[in-house]
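The values are calculated or read from the model by the stated rules, or taken from the named source; none is laboratory data. Just so you know, these numbers come straight off a predicted model, no measurement behind them. Cβ atoms come from the backbone with ideal geometry, glycine included; neighbour counts cover every protein chain shown.
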Amino acid sequence: MSNFKDFISSGGGGGADKLNLLNPASGLKVLVKASMTYTPSIDCTVVVTCIGAGGGGGQVAMNQSFKVSGGAAGGVCQSELSLTSGTTYTITIGGGGNASAAGGNTTFTGSNITDMTANGGTAGGWTNTGSTTKAGGTAVGGNIANHTGGSAIIVAANNSGSFGGAACGFFETGKNSASSTSTNMTIGAGIDIPPTDLIPELTSDPLGGSSAGGEGYSTAGTGDFGCGGGAGYISIYSTSNSHYVTGGKGGIGAGGGGGYAWNNRSGNSASASGGAGGNGMVILEFV
């Protein structure tokens, strides 16, 4: 855990500085990607957005008809807070889940504010019968918004297959991962309403990662900001070579794609890994 003072010079003069977090100017926006503490040297008002980390995609390799889901997305909460000079606030950034592991929680806490928590998404899973839902992370403590991340879903009608990760929701509940009955692999979930005011660099249509498969070694696509990783799927019947597929990594806060290998030949080596979930983030906008 580091303190902003370790990285930011306090600067000179009495006015607010656009590049000084200890004496922040109105309009300053900071993307925090690592856990740290923050002690402002002046009273200030800030809009804080916490994004929980995405769950890692599920994985399985065998010669049976299984279905593998991607990971669920982290929750998103937002508050407008009045921070007090000399008070230390703690920022904890959740880490994206590795394959079949849940994402971590992202928090913004302090002694004189309502603590904010954006919980991480559930890890992807698998099933050979019926359906399964891996829930998105919830969010609490926001006085502007609290949105649950998208869930990773497999429907009962699916045959064998691998499915992409779920997406974050910034104005609504996050988008669930796609679960198709007509294909063995799907792309990651995208964002229907992108937060372009929050992240101006975003495109108007953030997309989930592409799917990948076939013989040899392949990795599905990484999701854009807040979007799920694509699914990886291979089905090997006729070769005796080694094959490996990996689900795509989730974008910030989003679930990783599932990884599935159907190994139906003696002596063949086919394996799979779920994609990692995206790390969490805290965004500070000083007003």
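Please enumerate the residues belonging to region 73-97 that are farther than 15 Å from N143 by Cα and either touching a Cys at 6+ places or on another chain (Cβ under 6 Å) or of a type in the set (K, R) (or both).
Our first condition is that a residue be farther than 15 Å from N143 by Cα; within region 73-97, this holds for 73-74, 84-97.
Listed by number, the list holds a single entry, A73.
If you check A34 against the conditions, is it surrounded by fewer than 24 Cβ atoms within 10 Å (Cβ to Cβ), under 15 Å from the mean Cα position of the chain (by Cα) and aliphatic (A, V, I, L, M)?
Numbers: surrounded by fewer than 24 Cβ atoms within 10 Å (Cβ to Cβ): yes; under 15 Å from the mean Cα position of the chain (by Cα): yes; aliphatic (A, V, I, L, M): yes.
Here the answer is yes, as A34 does meet what is asked.
Give me the residue from region 183-199 that is out of contact with any Lys or Arg (no Cβ under 9 Å at 6 or more places or on another chain) and buried (at least 20 other Cβ atoms within 10 Å of the Cβ) and, out of that set, farthest from F163 (Cα to Cα).
Residue satisfying both the conditions and the ranking: P195.
If you take the residues of region 233-263 that are among the hydrophobic types (A, V, I, L, M, F, W, C) and modelled with pLDDT of 95 or more, which of them is nearest to G216 (Cα to Cα)?
Taking region 233-263 and keeping what is among the hydrophobic types (A, V, I, L, M, F, W, C), we get 234, 236, 245, 252, 254, 261-262.
With modelled with pLDDT of 95 or more added as a condition, the list becomes 252, 254.
On the way: I252: 29, A254: 27 Å.
The selected residue is A254.
Name the residue that is surrounded by the fewest Cβ atoms within 10 Å (Cβ to Cβ), counting only residues in region 43-72 that are at pLDDT 95 or above, among the hydrophobic types (A, V, I, L, M, F, W, C) and not in a strand (DSSP E or B).
A53
Do we find that G95 is surrounded by 24 or more Cβ atoms within 10 Å (Cβ to Cβ) and at pLDDT 95 or above in this structure?
Working: surrounded by 24 or more Cβ atoms within 10 Å (Cβ to Cβ): no; at pLDDT 95 or above: yes.
So G95 fails the test.
What residue, of G223, G174, G161, is more than 15 Å from the chain's Cα centre (by Cα) and buried (at least 22 other Cβ atoms within 10 Å of the Cβ)? Can you show your working first?
Working: G223 fails: more than 15 Å from the chain's Cα centre (by Cα); G174 fails: more than 15 Å from the chain's Cα centre (by Cα).
After applying the criteria, what remains is G161.
Tell me which residues, restricted to region 104-152, are aliphatic (A, V, I, L, M), surrounded by fewer than 24 Cβ atoms within 10 Å (Cβ to Cβ) and either within 30 Å of T45 (Cβ to Cβ) or without any contact (Cβ under 8 Å) to a residue 24 or more places away in the chain (or both). Outline the logic, then answer.
Let us first name the residues in region 104-152 that are aliphatic (A, V, I, L, M), namely 113, 116, 118, 123, 135, 139-140, 144-145, 152.
Subsequent filtering for residues that are surrounded by fewer than 24 Cβ atoms within 10 Å (Cβ to Cβ) retains 113, 135, 140, 144-145.
Scanning region 104-152 gives I113, V140, I144, A145.
Looking at region 200-216 only, could you name the residues that are surrounded by 15 or more Cβ atoms within 10 Å (Cβ to Cβ), in a loop (DSSP other than H, G, I, E, B) and free of Cβ contacts under 8 Å to residues at least 40 places away in the same chain? Even if it seems obvious, please write down each step before you answer.
To start, the set of residues in region 200-216 that are surrounded by 15 or more Cβ atoms within 10 Å (Cβ to Cβ) comprises 202, 206-213, 215.
Imposing the further condition that a residue be in a loop (DSSP other than H, G, I, E, B) reduces the set to 202, 206-211, 215.
Correct list: L202, L207, S210, E215.
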